[in-house]
1. State the label only: which of [x] 30.0; [y] 20.3; [z] 18.5 corresponds to Kirkwood radius over Cα pairs in Å computed from the shown model?
2. Quick check: Cα centre of the range 93-155 to Cα centre of the range 1-64, how many Å?
3. Hey, rough spin-label estimate for residue 68 and residue 106, points 7 angstrom out along Cα→Cβ, what's it come to in nanometres?
């Protein structure tokens, strides 16, 4: 084989050298590198899974937030409508109370006017009676006797309260 230029020792040395290189490569480079690549792949898959879970959670939270906002808006609308109804009710109650108070005031005023009117009529009747008595006494004093004057005065006094001036 030497004629062909093949050296058996050199081939064996190269085979042994290759076997040592293969063993070292397999043991110290290939396995740790494959473990590292496998770990990187697992980490990447875990990151993708976590990212997907986060997206799902975010979508769920966004939906809950939107629903809570809608519920809050509905509650505010209901409270606003109820507030308006309550305000309208209070307003109507105040108006009714004011009307009742106005009616009471008007009734009292009418009663007061009526009382004043009666007092005025009493005073007018009294004055008329006094004037009539004076008239009878002074005008008819020369023509009538004292007994006749008293009878006429009593007659006038009796009839004046019966006259109803309105």
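What follows draws every value from the coordinates through simple rules; no lab data is involved. Predicted model only: the values in this text are computed from it and were never measured. Here Cβ is always computed from backbone atoms with ideal geometry, including for glycine, and neighbour counts include all displayed protein chains.
1. Comparing each candidate, only [x] matches the computed number.
2. 129 Å
3. Each label point is offset 7 Å from its Cα along the Cβ direction, giving 5.7 nm.
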